[in-house]
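The values are calculated or read from the model by the stated rules, or taken from the named source; none is laboratory data. What you are looking at is a predicted structure, and each value in this text was computed from that prediction instead of being measured. As a convention, Cβ positions derive from the backbone with ideal geometry for all residues, glycine included, and neighbour counts pool all protein chains shown.
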């Protein structure tokens, strides 16, 4: 493969999410001319790094192919399973939010649900706790010094059975790795069900606050989109702004 352009960023992204859509690629990975972008997109396929998604309903979505998997093996990296057609829109929204925040440099890293399932697949299949576990759709790692270091983001597009919400909130109630949970939706009935489930399971909001955000605003500007907590309103930008404030205070104190 010597002499060939290796799309490192695209490969790493697809290893985390299971796909690379043309829409996301054009917005977050390239700033070239339309004609050159078209040639490069086609090269991804010709060079064996990517292949088309198995669903013909997703003509502009690629998944990792042989050459990319070999590149990841050399790095010792894992590859997640590609989302099915029914799951793609949900996963694409999560990826869009992650990429937008990554561009603003407000987050240090992000982890997808598929990555966590890949890391814990044996535990998931072999234990009762694993079967009932709920991993965040997206986990945001914020800079050291921020009020919340790990933020779980849940993309809620359709209303679930109430018992499902109770299981989700029970899982987060016992989580030790998450500092803030944010549910993103445009459906107020979903927010109401989640709030009710929190009361039913005696969710410890004082340890791990829960916030709510509007989907359309998060997809547009996730860094400034409001997070409605029980007694206040914040945003990722404001949470990370605490880092700058703390750093400035320390410099004056010294």
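Among the residues of region 72-84, are any without any contact (Cβ under 8 Å) to a residue 24 or more places away in the chain, buried (at least 16 other Cβ atoms within 10 Å of the Cβ) and more than 18 Å from residue 113 (Cα to Cα)? Looking for residues that are without any contact (Cβ under 8 Å) to a residue 24 or more places away in the chain, buried (at least 16 other Cβ atoms within 10 Å of the Cβ) and more than 18 Å from residue 113 (Cα to Cα), one finds none in region 72-84, hence no. Filtering 109, 91 for residues that are within 30 Å of residue 143 (Cα to Cα), in contact (Cβ under 8 Å) with a residue 12 or more places away in the chain and surrounded by fewer than 13 Cβ atoms within 10 Å (Cβ to Cβ) leaves a single hit, 109. Residue count for region 156-174 satisfying the condition of being part of a loop (DSSP other than H, G, I, E, B) and within 19 Å of the chain's Cα centre (by Cα): 3. Taking the condition at pLDDT below 95 and surrounded by 15 or more Cβ atoms within 10 Å (Cβ to Cβ), does residue 210 pass? No; evaluated as a whole, the condition is false for this residue.
Scanning region 187-222 for residues that are in a loop (DSSP other than H, G, I, E, B) and more than 21 Å from residue 175 (Cα to Cα) yields 187, 221, 222. Residues that are in contact (Cβ under 8 Å) with a residue 24 or more places away in the chain and surrounded by 14 or more Cβ atoms within 10 Å (Cβ to Cβ) within region 41-59 comprise 43, 44, 47, 49, 50, 53, 55, 58, listed in sequence order. Among the numbered conditions (1) within 16 Å of residue 162 (Cα to Cα); (2) surrounded by fewer than 19 Cβ atoms within 10 Å (Cβ to Cβ), the only one that residue 194 does not meet is (2).
So if I check each of 58, 45, 24, which one is modelled with pLDDT of 95 or more, part of a helix (DSSP H, G or I) and under 23 Å from residue 112 (Cα atoms)? 24 is the lone residue from the list that is modelled with pLDDT of 95 or more, part of a helix (DSSP H, G or I) and under 23 Å from residue 112 (Cα atoms).
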